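Report on one structure; see the data block that follows.
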Amino acid sequence: MNAVDTGWFRTLARLGVIAAVLAGWQLLSVAGVLDSSSFPSMTATMAELGRQLTDSDLWLAVWETVRGWGLGLLIGCSLAITIGTLLGLNRFAYLSVIPVIEFLKTVPVIAILPLAIVVWGATLEMKVFLVAFGVFWPLAIQTIYGVRAVDPVVRDTAAVLRLRGFRKFTTVTLPSAAPFIATGLRVAAAVGLILTIIAELVGGARGLGLSILTSVNAGPDRLPATYAFILLTGVTGVLVTTAFVALEQRLLHWHESQRNLAAKAA
């Protein structure tokens, strides 16, 4: 087996890239290429991040962000999967509603943020609504197409076997739609986290976004804290994506796409 294809080599390569980026950041800061009034050094940022990690206020902000993201994702995805499944199973309903869904999915979520602030203010409800609205439309479309994308051979086989109703849904329709839904959930999780940070950063709701905004407004002396919070949001996004990828691989281990990935990784 080629060493490049092994898991440990890929892990070391990724860690090496991260180390190189951090080292380059520090080198550019020390050399004066990066303006210290706009870009703190890597060491100063990491030191501030370490200090923040011992502060209970940071973990409270993380909790507020995760709570808003989780509730919004749960509500938006539940509605999207339910409604998308119903529309996918009914051709007349699909043809009637899909133009509305295609239109609403193009509405920028940031455009409805002022309305959400007027209705709910800088609250958890505002964040939940924004996240639910943002993740609903793309996931609903993924679910609709997944439900309608049953292989013709499988559909004909189900007809010959006289599969109907719930049994047909669980043995034919759901397995066909599962990969589409899983991909939509993974994308929705990342998008939902971005929308949560935006709601906090622009709308003023409590969380990591508000921590970034507060540190920016505190002046140049708090610049390392600003970058520390930004790095933390990035790490949170990576953890969310990694968790959903692992969950997808575990739940869809029977699917051809996951078996091919497992074979390549072996």
Residues being among the hydroxyl-bearing types (Ser, Thr, Tyr) and open to solvent by less than 30 Å² (accessible area, probe 1.4 Å): count how many of those fall in the range 59-86. 2
Scan the range 217-266 residue by residue and report those that are among the charged types (D, E, K, R), at pLDDT 80 or above and open to solvent by 50 Å² or more (accessible area, probe 1.4 Å). 221, 222, 250
Just a yes or no: is a residue in the range 46-55 of a type in the set (Gly, Ala, Ser) and on the phi > 0 side of the Ramachandran plot? no
Candidates 184, 121 - the one that is closer than 19 Å to residue 78 by Cα, of a type outside the set (A, V, I, L, M, F, W, C) and open to solvent by less than 40 Å² (accessible area, probe 1.4 Å): 184
Do we find that residue 47 is surrounded by fewer than 19 Cβ atoms within 10 Å (Cβ to Cβ), closer than 23 Å to residue 139 by Cα and either at pLDDT 95 or above or in the same structural domain as residue 224 (by TED's automatic domain parsing) (or both) in this structure? no
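The rows are residues; the columns are (1) more than 23 Å from the chain's Cα centre (by Cα); (2) free of Cβ contacts under 8 Å to residues at least 40 places away in the same chain; (3) closer than 19 Å to residue 86 by Cα; (4) not assigned by TED's automatic domain parsing to the domain that holds residue 110.
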residue: 138; (1), (2), (3), (4): no, no, yes, no
residue: 142; (1), (2), (3), (4): no, no, yes, no
residue: 150; (1), (2), (3), (4): yes, yes, yes, no
residue: 157; (1), (2), (3), (4): yes, yes, no, no
residue: 165; (1), (2), (3), (4): yes, yes, yes, no
residue: 181; (1), (2), (3), (4): no, no, yes, no
residue: 184; (1), (2), (3), (4): no, no, yes, no
Would you call residue 214 within 22 Å of residue 53 (Cα to Cα), open to solvent by less than 60 Å² (accessible area, probe 1.4 Å) and at pLDDT 90 or above? no
Are any of the residues in the range 155-162 touching a helix residue (DSSP H, G or I) at 6+ places or on another chain (Cβ under 7 Å) and open to solvent by less than 20 Å² (accessible area, probe 1.4 Å)? yes
Residue satisfying all of: in the range 188-211; on the phi < 0 side of the Ramachandran plot and surrounded by fewer than 18 Cβ atoms within 10 Å (Cβ to Cβ); farthest from the chain's Cα centre (by Cα) among these: 202
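This table checks each residue for (1) open to solvent by 20 Å² or more (accessible area, probe 1.4 Å); (2) closer than 19 Å to residue 189 by Cβ; (3) at pLDDT 90 or above.
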| position | (1), (2), (3) |
| --- | --- |
| 57 | yes, no, yes |
| 91 | yes, no, no |
| 108 | yes, no, no |
| 135 | no, yes, yes |
Could you list, in sequence order, all residues of the range 18-52 that are assigned to a loop (DSSP other than H, G, I, E, B), within 28 Å of the chain's Cα centre (by Cα) and more than 18 Å from residue 220 (Cα to Cα)? none
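The values are calculated or read from the model by the stated rules, or taken from the named source; none is laboratory data. Nothing here was measured: the structure is a model prediction, and the numbers come from that model. Because the Cβ atoms are built from the backbone with ideal geometry, glycine has one as well, and the counts that use them run over all protein chains shown. The area values use the complete protein model at the heavy-atom level, side chains included, leaving out ligands, DNA and RNA. Shrake-Rupley method; radii C 1.70, N 1.55, O 1.52, S 1.80 Å.
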